1. Which condition from (1) under 18 Å from Ile25 (Cα atoms); (2) over 13 Å from the mean Cα position of the chain (by Cα); (3) in a helix (DSSP H, G or I) is the one that Lys133 breaks?
2. Would you call Gln51 under 24 Å from His161 (Cβ atoms) and either exposed (fewer than 14 other Cβ atoms within 10 Å of the Cβ) or modelled with pLDDT under 95 (or both)?
3. Can you tell me how many residues within segment 175-220 are within 22 Å of Asn3 (Cα to Cα), in contact with a Pro (Cβ under 6 Å, 6 or more places away or on another chain) and surrounded by fewer than 13 Cβ atoms within 10 Å (Cβ to Cβ)?
4. Identify all residues within segment 186-220 that are in contact with a helix residue (DSSP H, G or I) (Cβ under 8 Å, 6 or more places away or on another chain), closer than 14 Å to Ile14 by Cα and either outside any loop (DSSP other than H, G, I, E, B) or among the small types (Gly, Ala, Ser) (or both); write none if there are none.
5. In segment 185-205, what residues are of a type in the set (Lys, Arg) and either closer than 17 Å to Ile120 by Cβ or touching a residue at least 24 places away in the same chain (Cβ under 8 Å) (or both)?
6. Quick check on Lys36: is it outside the structural domain of Arg119 (by TED's automatic domain parsing), charged (D, E, K, R), under 24 Å from the mean Cα position of the chain (by Cα) and exposed (fewer than 12 other Cβ atoms within 10 Å of the Cβ)?
7. From Phe170, Phe151, grab the single residue that is out of contact with any Cys (no Cβ under 8 Å at 6 or more places or on another chain), assigned by TED's automatic domain parsing to the domain that holds Ile8 and not in a helix (DSSP H, G or I).
8. For segment 106-127, what are the residues that are part of a helix (DSSP H, G or I) and either in contact with a Leu (Cβ under 7 Å, 6 or more places away or on another chain) or touching a residue at least 24 places away in the same chain (Cβ under 8 Å) (or both)?
Amino acid sequence: MLNLSSRIPNHSSIKNIIFDFGGVICDLEISRSVEKFKEFGPAKAGLSGNQEEQDREFEKLVATLETGLITSQQFREVIRFHYQVPPSDAEIDDAWNALLAGIPEPRIRVLENIRSRYRIFLLSNSNEIHFLKFRADLQEKYGYAGFEELFERACFSYQVHLKKPDPAIFQLVLTENKLVSSETLFIDDTLIHVEAARKLGINGYHLREGENLTMLFDKP
């Protein structure tokens, strides 16, 4: 059985672990989606703007998708509107899902190993298109029909209309599952999310570049 590494803050008092998904369990390669979107060809005249403006607008669009304020189809329509040759729904989904680089098997095996010792949860800023893709991958590769078969509870931002680093989404997980913050560890690869969790008394660990989930646990 694996235990939390001694380099994790307050490791001996931890009973519950909340995991981020993208960048912690699933590898991400955002550049793959960027290249896929480029394949759709030129934008409509008058819509190009500079790259910084385009990036800001896309971030706003993704934020509304990840909090469930727009549907997947509305997201696709906004994307489609920007191109001279409108891409199909399937082409948009394929480009958007390209950034999901897969879930390495060792990370799944760690989760399977530790869940008899710790209560484990998932907390992800995500959207329906990505959710359906990585759920299908989880089933095809590892035989899990859903995340609740691996985690005690999986919380996705688009379903609860909240997203990290809003403290309300952390409080939701604590309250719904009757977790004591001082006995809970949150692991994320985004520092502002970790800092937000710490403000609620949750032990936070920022997974840095070059680290991966398997490094945080040791055999007894």
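The values are calculated or read from the model by the stated rules, or taken from the named source; none is laboratory data. Since we're looking at a predicted model, the values are computed, not measured. Counting neighbours? That spans all protein chains shown, and the Cβs are built from the backbone with ideal geometry, glycine included.
1. Only one criterion is unmet by Lys133, namely (2).
2. no
3. 1
4. The answer is Phe186, Ile187, Gly201, Asn203, Gly204, Tyr205, Phe217.
5. Lys199
6. No, not satisfied.
7. Phe151
8. Result: Pro106, Arg107, Ile108, Val110, Leu111, Glu112, Asn113, Ile114.
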